[in-house]
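A quick write-up on the structure given underneath.
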Amino acid sequence: MSFQLQQLAKLITERSGLDVKVVGDGALSIEKISTIDKANINHITFLANAKYKKHLVDCSAGAVILAESELDAWQGAALVMSNPYVGFALVAQILDDTPQQSMNIHPSAVVSESAQIAENCSIAANAVIEADAIIEQGVQIGAGCFVGQGTIVKENSRVWPNTTIYHGVDIGKNCIIHANSVIGADGFGYAPQSIDGDQHWIKIPQLGGVTIGDNTEIGSSTTIDRGAIDNTVIGQGVIIDNQIQIGHNVVIGDYTAIAAGTMIAGSTKIGRNVTIGGVCAISGHLTIVDKTYITGRSFIMKDIKEAGVYSSGMPATTNKEWRNNTARYRKLTELFDRVKKLENK
């Protein structure tokens, strides 16, 4: 698969509406996108960070995606645009060679007679589609997937192998759900009851579902629990990384990004355009406002009512310094009481 440089420029504009200027040979054939140091004459690379500008001197790429301000550092063909990193993303989409499934139903798939399956969709080997599920056109269901009763997977979404989607889930258009994820499992809902001095746990059936908006991507081995009564809701354009736990009745606003390993407890409401770093822990029944940025390894225990950057993780240091600081931390209450007494005097 190859495209002329001028074709790439046209496709970028068609997909994004962004202005792209072609510099040099517009008929140059581009077959692949590469890094600055590994690109050759049939490759295109990009410069999105000025600190890598010096590497263009030794770059062998056929063309570079860069900003007008960096054009003086490159003598070859180029695609010039205001945001080269977005240009890189769009060219990567155009040149994407991820294999697509054949648009048919594999003989080993088990599909309920009451399921509604569009003609031009794909259901791979050993997949199970239960009663009253709806699989719309262009959908790809990977090998070994399970789609539960009454679940809807809308147009052009892709579910990678061995993913389990329980009953009553609504997945929007153009979504991607990566392998081994679980959507719609029971939330962690139990009522405590004391019986003969022991605390027992009475299960609360989780009667809600999960709603996922259009153009959302969910990483592999991520779990999104169904709601207890109302649905768990994931907005449109949300990106969720691998190995994330999202509890029941969580609401995540449009275009929010969550990095790997984060855990979000039930009934928390997260706004639009929120960015959450990796391995964060967010307590339940909280509200986090739009355009909040939470750095990695943070522990959020109360509402965030004002947009900004929030952190709580302790950066690594030497073991000796960490042990000293830990010992001092244990004496913090004692020190506080002593200072309070001095102030009172």
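The values are calculated or read from the model by the stated rules, or taken from the named source; none is laboratory data. Predicted, not measured: the structure shown is a model, and the values here were computed from it. Cβ coordinates were reconstructed from backbone atoms using ideal geometry, including for glycine residues, and neighbour counts include every protein chain displayed. Only protein heavy atoms, including side chains, enter the accessible area calculation; ligands, DNA and RNA are left aside. Shrake-Rupley method; radii C 1.70, N 1.55, O 1.52, S 1.80 Å.
Just to check your reading of the model, which residue among G296, G284 is closer than 16 Å to T223 by Cβ and either hydroxyl-bearing (S, T, Y) or part of a loop (DSSP other than H, G, I, E, B) (or both)?
Every option except G284 fails the conditions.
Please tell me if V139 is open to solvent by 80 Å² or more (accessible area, probe 1.4 Å), free of Cβ contacts under 8 Å to residues at least 24 places away in the same chain and aliphatic (A, V, I, L, M).
The answer is no for V139.
Does the range 176-191 contain any residue that is without any contact (Cβ under 8 Å) to a residue 12 or more places away in the chain, surrounded by fewer than 16 Cβ atoms within 10 Å (Cβ to Cβ), among the aromatic types (F, W, Y) and not in a loop (DSSP other than H, G, I, E, B)?
no
Looking at the range 192-238 only, could you name the residues that are modelled with pLDDT of 95 or more, open to solvent by 40 Å² or more (accessible area, probe 1.4 Å) and in a loop (DSSP other than H, G, I, E, B)?
I204, P205, L207, D214, N215, S221, I229, D230, N231, Q236
Quick one: H55 ticks every box in (1) open to solvent by 60 Å² or more (accessible area, probe 1.4 Å); (2) in a loop (DSSP other than H, G, I, E, B) bar one, so which box is it?
Here H55 clears every test but (2).
Can Q101 be described as part of a loop (DSSP other than H, G, I, E, B), free of Cβ contacts under 8 Å to residues at least 40 places away in the same chain and surrounded by 13 or more Cβ atoms within 10 Å (Cβ to Cβ)?
No: the conditions fail for Q101.
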